[in-house]
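We did not get these values from a lab; they are worked out from the coordinates using the rules stated. If you're wondering where the values come from, they're calculated on a predicted model, not measured in any experiment. Neighbour counts run over all protein chains shown; Cβ positions are idealised from the backbone, glycine included.
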Amino acid sequence: MKRSLITKGLLSCVIALGFIPDKTKPPQIKGTGVIIGYNKIFFVVTARHVVEALSKYDTYYLLSNTKDGRIFFKEYKKFKEFTKQGWIFHPDSNVDLAVTIFGFNLDVEDIKVVPLELFAKENEIEIGAEAYVLGYPYGISTARSVVPIARHALIAGKSIDGHYYVDAVIFKGNSGGPVFLRPSIQSPSGAIVLGPARSAPKLVGIVSTVFYDDKQPLHLSQIVGAQKIIELFNSPKFKIAMIELKKKFPPQQ
């Protein structure tokens, strides 16, 4: 029996961003996000252009799944009013990246976080390496759950500015979704594995741009590398926001 290399935990680190016109019908998903754990705090990372598009509306939601398979609705505006913290963009406007602190009900929601230890470094990402893209192409979901779609991908190229290109079938709605390197396959006999051996999927980055030709997708997309997320965490604006957050919610002794 073949074993899947995509675990349920990997799917649970992905959330949807969109609207809920009617709770009896599927939500209108406009983008994808990934849950990152940093300094014992949960953050949602997505593409900047997804946030800018959603911000034109009065309200929108971050959607996850409950442990019993239902959709968990969280209105972003209310959470922002509570924490006094909004989205923070990468200091370089050419980097399509946004992050916000966010709260999750771990007793109810079926979520996992990606720690910084699972961020792939540049020397771990090889052209031709297999990967997975997780997200919601064209907002695909059901009225009952928002389980992301997993698509196979290949690392097609890399640039010197921390961006990558993947060969994959990606559409609108995937923006902001995570791309993970596929774990290595090793046989019990210790067969040689070409490239770096990986026992766990490593985060390459998030989907930014989907390239089109005459309105047809080229199956080539630009990815903002995971190391750019660390740059955002180290930015002055992010650090100031974390100081203000600790003042409002001091750590419990």
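Key figures for this structure:
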| item | result |
| --- | --- |
| ³J(HN,Hα), Karplus 6.51/-1.76/1.60, whole Hz, each residue of segment 34-47, x for Gly, Pro | 10, 8, 10, x, 8, 6, 6, 10, 8, 10, 10, 10, 8, 7 |
| Gaussian network model of the chain, Cα within-10 Å springs - most flexible of Lys172, Lys78, Lys56 | Lys56 |
| Spin-label pair Ser93/Leu218, simplified geometry with 7 Å Cα→Cβ offset, distance in nm | 2.5 nm |
| Fewest-first ranking of Ile243, Ile140, using other Cβ atoms within 10 Å as the exposure measure | Ile243, Ile140 |
| DSSP H segments from the chain that extend 30 Å or more along their own axis, Cα-based, with Kyte-Doolittle mean of 0.5 or above | none |
| Which of Phe19, Phe82 has the fewest Cβ neighbours within 10 Å, and the rest in rising order | Phe82, Phe19 |
| Virtual spin-label span in nm between Lys67 and Leu245, 7 Å along Cα→Cβ | 2.4 nm |
| Label-to-label distance, nm, for residues given as Ile160 and Asp58 (7 Å Cα→Cβ offset) | 5.0 nm |
| Amide H contacts of Tyr38 (H built 1.01 Å from N, under 5 Å, at least 5 apart or other chain) | Phe43 |
| Neighbourhood charge, 14 Å Cβ-Cβ cut-off, centred on Gly173 and excluding it, Lys, Arg +1 and Asp, Glu -1 | +3 |
| Charged-residue dipole, Cβ positions (Lys, Arg, Asp, Glu), the chain about Cα centre, Debye nearest 20 | 740 debye |
| Cross-link table Lys56/Lys112; Lys172/Lys228; Lys30/Lys121; Lys121/Lys246; Lys84/Lys202; Lys112/Lys228, entries beyond 27 Å C-alpha to C-alpha | Lys56/Lys112; Lys30/Lys121; Lys121/Lys246; Lys84/Lys202 |
| Cut-off 9 Å between beta-carbons: net charge of the residues surrounding Tyr132, Lys and Arg +1, Asp and Glu -1 | +1 |
| Helix-only mean residue ellipticity at 222 nm for the chain, each DSSP H run of n ≥ 4 adding -39500 (n - 2.57), per residue, nearest 500 | -4000 deg cm²/dmol |
